[in-house]
Structures are given as structure tokens and as C-alpha cells.
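Accompanying notes for the structure given below.
Derivation of every value follows stated rules applied to the coordinates shown; laboratory data play no part. None of the values given here were measured: they were computed from a predicted structure. In this analysis, Cβ positions are derived from the backbone assuming ideal geometry, glycine residues included, and neighbour counts consider all displayed protein chains.
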Amino acid sequence: MSDSKLPEDTKEYIKVAHIGSAYGLKGWVNIISYTQPKTNIIEYSPWYLRSVSPSAKDQYQLVKVEQIRKHGKGIVAQLPSCTDRTQAELYKNTEIAILRSQLPEQANDEYYWHDLIGLNVVTADQVKLGEITDLMETGANDVLVVTEKVEDKTKTRLVPFIRPEVVTSIDLMTKLVVVDWDPDF
């Protein structure tokens, strides 16, 4: 597949990992996986790599991984044409994405985090709390990071992702999340 056939819409790409340091002398790299569990990255192929350099912004490159495996507590992979440590070091911090279509379908009441980011959050009384800008994993439950911009200030709220007690509804079509949450908190 050539670069011209890659999806142009960056929303089609889901960031699932990034490349860490070089591993060994034969061109292997450490993979920092964002998937849950972390070993799920092993099942995805092909990958789409994007350099973090400003000149390469939103430029994805299709890569079929030569080899990938669990190694100790981490994951290591060998990329095509990467045969020594010097070449492997050039990939450090490169983003690894897959296409949205590569993800398994979710049940009706389950959501991928990337689908929630950017949704507006309101209370049951329609008081706008802001936009979901991130999610955090905690021991007890996930937490929505809701950011509201008021004039020149930014207010951040941490709203527990507890359904249906706190998060009462999620509508991906209207991009709206309704929560049972005190707007002053």
C-alpha cells in the first residue's frame, strides 16, 4: 500500500502505542503500549507510524511489523529495514497507530476512550461543564477529565466514570455526555 492510499482523515487513526528506546543490537525497539491489556498491541497489524517531528505532522506511514513479542514486563518489535541499533534509535518516540476499523466492535454500553474525548459534558439540568479532554485510570474507576474554558481561564473537573450513578447517558451522535454532578465541584 502506498502513502497515497492511506486514509487522509486523521480521525481514522487511533494511537495505540509509541516506540521507546532501541532494544539490543539487531534493530529491535521497545514498544510502549496504551492498549488494555498492554499485550493487545501484539494482535494489531499493520501499524501506521507517525514521527513526532513538526515537519511530519499527520503524515502516517504503513508498516508491517517483522516480529513482535512480549519480553519480560515489556514488548519489543522489529520493524522492516531496521537491522541495527542505530536505525532503531531513529524511531524513538514515533507514534504507533492503527485504523479505527481494526478495533473490535464494542457492546452498546461500552466505549473506547478515544470516542469519548471531545464530547461535551452537561449536568441533568443542562449546565455545561466542559469538554472531555482526557481520561485517567485509577484503582477504583476511570475518571473523565472535563475542561471548561471561561473567558481566559481554564477550569478542570475530574468526574468519575461510574455508570449509571454519575454518568447517566452518553450519546456519540450528538457528542453529549450527561452527568449527575455538582457544577460547583
Review point. If a residue has to be farther than 17 Å from Lys38 by Cβ and surrounded by 13 or more Cβ atoms within 10 Å (Cβ to Cβ) to count, how many in the range 60-74 make the cut?
Key: 5
Review point. Do we have any residue at all in the range 83-92 that's surrounded by fewer than 18 Cβ atoms within 10 Å (Cβ to Cβ), out of contact with any Lys or Arg (no Cβ under 7 Å at 6 or more places or on another chain), within 19 Å of Leu172 (Cβ to Cβ) and not aliphatic (A, V, I, L, M)?
Key: no
Check your understanding: Which ranges mark the strands (runs of 3 or more DSSP E) fully within the range 29-138 that have 3 or more residues being more than 30 Å from Val167 (Cα to Cα)?
Key -> 47-50, 61-63, 67-71, 74-78
Exercise for review: Could you list, in sequence order, all residues of the range 157-181 that are without any contact (Cβ under 8 Å) to a residue 24 or more places away in the chain and either loosely packed, with under 14 Cβ neighbours inside 10 Å or under 14 Å from Asp109 (Cβ atoms) (or both)?
Suggested key: Leu158, Ile162, Pro164, Glu165, Val167, Ser169, Asp171, Met173, Thr174
